[in-house]
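The following block contains the structure, expressed as structure tokens.
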Amino acid sequence: MPASDDPLARERAHLTSSRAALRAMREDVEALDIKDVTANWVNAVVLGRQIEDRIKALADLSHTPLFFGRLDYLHTTQEGQRFYIGRRHVHDAGGDPMVIDWRAPVSQPYYQASRKDPQDVGLRRRFGYTGGELTAYEDEHLSDPEELERTSRLLQAEIERPRVGPMRDIVATIQPEQDGIVRSDLSGTVCVQGGPGTGKTAVGLHRVAYLLYAHRERLARTGTLVIGPNRSFLHYIEQVLPALGELEVKQATVDDLVGGQVEVRGADEAATAVLKGDARMAELLRRAVRSHVALPKESLMVVRGSRRWRVPAYELEEIVQELADRDIRYGAAREALPQRIAHAVLVRMEQAGEAPDDRVQNAVARNTAVKAVVKECWPPVEPAKLVLRLLGDAEFLAEHAEGLFTEDEQKLLLWAKPARSVRTAKWSAADAVLVDEAQDLVERTHSLGHVVLDEAQDLSPMQYRAVGRRCTTGSATILGDLAQGTTPWATTSWAEALGHLGKPEAVVEELTAGFRVPREVIAYASRLLPHMSPGLAAVESVRENPGSLEIRHSDSLDGDVVAACAEALAHEGSIGLIAADARIAPLAEALTAAGLAHLSPGEETTAESRLTLVPASLAKGLEYDYVVLDEPAAVVDGEPDERTGLRRLYVALTRAVSGLTVVHSAPVPTQLEQV
């Protein structure tokens, strides 16, 4: 059949031409000569970096389809009625588009159009790829009443495609309800409640990519940040945005954000950590910082040349009190105080017939006597030293905790052995958050344009505040699942969490359609919901292939777990062996003895190394084609209380994309038994 009569051949030809056009775009940028177009070396460096970023963004990833869909419109102009939808824009030598960026308005009907609302789309074509080669296509004639509605086989195949390596984008499979969140406006904060497999993490990352497309200049100035629960998770997701051409989004954990002031070398007991994460700590710190402000006791005498200028104590007191009443940042008020005092002196100079200007006021503000008053009334505060004193000095703590914390709570907050200095103290992760709060009370934290916070349900109120002050003038995308809260301080209400974050007006969206976890697996895991998160809706899997679920009782646990891993490796894709943290060491020995090489979370899987041994505490947010779950009862028992243990087990049970094998010697938790 001639290529002109073969639709697949024509589409392959367009793919070849599009790749050639992308290569030409990249070569054009590489050939740019900036020697004579920059005013100085600084501009040259900045422009050079921008060119380097542009070259990286135009990379043609051989195993990543350049376009994944096509839209044929009914009533647009002849020149624009057909659009190929892909990860980035590609144009030919004449500037005409060959591939349209998925984020462009004209691409939106690819995700939103339906038979009920075709949005002027006559045909939607999806493409199937194998190893980067276009191998299939599938058409929907949305305006044809005679064509029966059916589930897309290619869409289903893309969702279920085996996973090896880091997380990949879902740009080809975004669903209408996900697309609505992705394209929500930059000015609003969105909170996405989504159970396992609903795609909430991918939605958050794609929203960043969309916002950078729609508001690039603004976000280039203000910055964007993705916050994840741990380094393993960030490593897992780090390739999603670069695959979409976005290279400038920073990633961090909450510990990274707050760890700049002190070195974390210690750990708190659960009860202490919960208390340090309580929102009341913010008021305690505010009181402690403000306690340094003192009203002046004596008048001020400023000597300039042969003249002396006196400001009485009552007037100084009014100046200090007015600044204190304004409740601005402690450091900002301290910087304003000498200028306010100097202004009072200048008023007296003017009354005496002099004509002082700004230079005189600045000189007075630097006067030794004025500096002495500032030091006495508004001394400098070092945040780490302040927290050190609160946690080490019972009297100082009691003075500021009155009416906030009981005596028993104060005992929990105090260190058993007070540290001598900031450097030698064994700070905990919760302490670092307190230091960050104190730092913000002294000096305002820099705010970003947009922040994505994933696995948000695990944060304490004080951690929410730490994230919130990074986006006070920007917006946020909050992602999480209340049922997967596995910290003792995990939130039980998004309204409460958003209040601590400083975004009470945020819109809460719920994703309940599961695209990843097989139907049988999510149904089994959902048996835990009534016991740990009553009232929370279970995820409804839309997968046509129900997947596999096997529960095995074992008399030789380690051996049977190893055997289950070997069986899983016979399948294509990634394998995760998830176990209670205390079981990791013996399982590692058993795998090694059996000759099964394995990775740790965060290490990238490859075709040769597909088995990862995952502590249950690090499983959240990760996914594997096949999961072997070791001893569910041990996962529950490894947590400080039953509810947290059941939530940890729920997370572990819902990491599988194609199949789950549960191996146990002790009885499985009774909550998993069929009602």
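The values are calculated or read from the model by the stated rules, or taken from the named source; none is laboratory data. The structure presented is a predicted model; accordingly, all values stated were derived computationally and were not measured. So basically every Cβ, Gly included, is an ideal-geometry build from the backbone, and we count neighbours across all protein chains shown. These accessible areas exclude ligands, DNA and RNA; they are computed on the full protein's heavy atoms, side chains included. Shrake-Rupley method; radii C 1.70, N 1.55, O 1.52, S 1.80 Å.
Can you compute the charge dipole magnitude of the chain about its Cα centre, using +1 on each Lys and Arg Cβ and -1 on each Asp and Glu Cβ, nothing else charged? Give it in debye, rounded to the nearest 20.
Once rounded to the nearest 20, the dipole reads 2380 debye.
Give me the percent of accessible area attributable to carbon and sulfur for segment 608-651, probe 1.4 angstrom.
Its accessible area is 42 percent carbon and sulfur atoms.
Choose one of HIS400, LEU225, LEU323: the residue whose Cα lies farthest towards the positive end of the charge dipole of the chain (beta-carbon charges +1 Lys, Arg; -1 Asp, Glu; about the Cα centre).
With unit charges placed on the Cβ atoms, the residue in question is LEU323.
Provide the per residue accessible area, probe 1.4 Å, for the chain, rounded to a whole number of square angstrom.
The answer is 46 Å² per residue.
Which of the peptides 335-344, 57-66 is most tightly packed, and how do the rest follow, judged by the mean count of other Cβ atoms within 10 Å per residue?
Going from most to least packed, we get 335-344, 57-66.
In segment 549-675, if the dipole is taken from +1 on Lys/Arg beta carbons and -1 on Asp/Glu beta carbons about the Cα centre, which of GLY559, LEU646, VAL614 is farthest to the positive end?
Going by the Cα projections, it comes out as LEU646.
Now a separate question. Where Rh is the Kirkwood radius over the Cα pairs of segment 226-279, the temperature 10 °C and the viscosity 1.306 mPa s, what D in µm²/s does Stokes-Einstein return?
It comes out at roughly 118 µm²/s.
Rounded, prolate or oblate: pick one for segment 1-146, where a ≥ b ≥ c are the square roots of the eigenvalues of its C-alpha gyration tensor, a/c under 1.5 means rounded, and failing that, prolate if a/b is larger than b/c, else oblate.
prolate
Only Lys, Arg, Asp and Glu count, each charged at its Cβ (+1, +1, -1, -1), so figure out the dipole size of segment 502-585 about its Cα centre, rounded to 20 debye.
160
Assuming R0 = 45 Å, what is the FRET efficiency of ALA597 and ARG326, from their Cβ-Cβ distance, to the nearest 0.05?
0.10
Also, I was wondering about something else. Which one of ALA279, VAL208, HIS571 has its Cα pushed farthest toward the positive end of the charge dipole of the chain, where Lys and Arg give +1 and Asp and Glu give -1 at the Cβ?
Farthest towards the positive pole: ALA279.
Follow-up. Measure out, as a whole number of angstrom, how far apart the alpha-carbon centroids of segment 333-373 and segment 393-437 sit.
39
A follow-up question, please. Ignoring ligands, DNA and RNA, please state the percent of accessible area on segment 440-544 from carbon and sulfur, probe 1.4 Å.
52
Over the chain, what is the percentage of antiparallel beta bridges among all DSSP beta bridges, to the nearest 5?
Bridges in the chain that DSSP calls antiparallel: roughly 35 percent.
Continuing with this model, one more query. Taking the Cα centre as origin and putting +1 on Lys and Arg beta-carbons and -1 on Asp and Glu beta-carbons, what dipole magnitude results for segment 245-378, to the nearest 20 debye?
The dipole of segment 245-378 has a size of about 780 debye.
Let me ask something else about it. Is there a pair in LYS250/LYS620; LYS297/LYS411; LYS385/LYS411; LYS371/LYS503; LYS297/LYS426 whose C-alpha atoms are over 30 Å apart, and which pairs would that be?
LYS297/LYS411; LYS371/LYS503; LYS297/LYS426
Helix-derived [θ] at 222 nm for the chain: sum -39500 (n - 2.57) over DSSP H runs of at least 4, divide by residue count, nearest 500?
-12000 deg cm²/dmol
Can you tell me the orientation of helix 557-568 relative to the chain, as the angle in degrees between its alpha-carbon axis and the longest Cα principal axis, to the nearest 10?
Relative to the chain, helix 557-568 is tipped by roughly 60 degrees.
Which value, in Å to one decimal place, does the Kirkwood hydrodynamic radius take for the chain when every pair of different Cα atoms is included?
28.9
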